[in-house]
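Every number in this text was worked out from the coordinates using simple rules, so none of it is lab data. None of the values given here were measured: they were computed from a predicted structure. When we count neighbours, we look across all protein chains shown, and the Cβ atoms used for this are built from the backbone with ideal geometry, even at glycine.
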Amino acid sequence: MKRTRFAVLLAAWCVGAMGQVRLPEKEKFELYLLVGQSNMAGRGEVEAQDKVEHGRVLMLTKEGTWAAAVDPMHFDKPVAGVGLGRAFGLRIAEARPGVTVGLIPCAVGGSPIDAWRPGEFYEPTKSHPWDDAMRRAKVALRSGVLKGILWHQGESDSNEKLAAGYGAKLEDLVARMRRELGAEGVPFVAGQMGRFEGAAWDEWRVMVDTAHRELPGKVRGTAYVSSEGLMHKGDKVHFDAASYRELGRRYAEAYLGVR
């Protein structure tokens, strides 16, 4: 009986003939919001392995429908490529075999943390980062349950004008997202900006990184992910594809540790 039920559920996860996916029951569909700027969206070169579908790792498309999670998942800019989200989803699916993982890509390249406030318009992408993310998250929540928020951002705030206030804004962001989405205790995971060889950090970047590092000691249910040892794609800003995949796995381990 158990084997029969498992087979039925597995079939429900498969991609249908029309290219759409059948979703599991709501309680078995665990959702993760992917927010931040370009290093969350991903700028890695897409390879064949990034297009391999997994029946229990889905993504919310730009159109608001569910599909198998393949890169590029984000659509903030034409240069979107491999990011950390898919690798995160694969690791969570491995750790939690009884559920389907739903990824909600909402990152906006170049966006400072101030753009992630209600009503804010971000001119470079002609978008409203906060409003768009909340709208997409609420569409996703019709089908599943929010289980985590992943944040990778900070480069645009690493300057003399903005760095000092970043920590308070980050804490406010966590509280607002949890409150808006009705998920007060949902884990929030923040990742470290790339600290690449030959690209020394100034005091402003150190200040923003410190805010990320100190978040778990200030806000319950949060975690920090190191980017130590990861490589850039040649621009000393964005990770390469292999590093994005590793970063995604690190996010997953950090998330599993929070829970």
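Worth pointing out:
- If you go through the stretch 179-227 and keep only what is outside any loop (DSSP other than H, G, I, E, B), among the aliphatic types (A, V, I, L, M) and touching a His at 6+ places or on another chain (Cβ under 8 Å), you end up with just Ala190.
- Within the stretch 27-70, tally of residues that are within 17 Å of Val108 (Cβ to Cβ) and without any contact (Cβ under 8 Å) to a residue 40 or more places away in the chain: 2
- Among the conditions (1) farther than 20 Å from Val258 by Cα; (2) more than 17 Å from the chain's Cα centre (by Cα), Arg213 misses just one, which is (1).
- Against the conditions (1) in contact with a helix residue (DSSP H, G or I) (Cβ under 9 Å, 6 or more places away or on another chain); (2) farther than 23 Å from Asn159 by Cα, Arg220 satisfies every one except (1).
- Checking each residue in the stretch 54-87 for being within 20 Å of Lys233 (Cα to Cα) and not aliphatic (A, V, I, L, M) picks out Asp71, Pro72, His74, Phe75, Asp76, Lys77, Pro78, Gly81, Gly83, Gly85, Arg86.
- Among the candidates Leu173, Leu247, residue that is surrounded by 15 or more Cβ atoms within 10 Å (Cβ to Cβ), within 27 Å of Arg96 (Cα to Cα), in contact (Cβ under 8 Å) with a residue 24 or more places away in the chain and among the hydrophobic types (A, V, I, L, M, F, W, C): Leu247
- Which listed residue, of Lys161, Lys169, Lys138, is assigned to a helix (DSSP H, G or I), basic (Lys, Arg) and over 21 Å from Leu31 (Cβ atoms): Lys169
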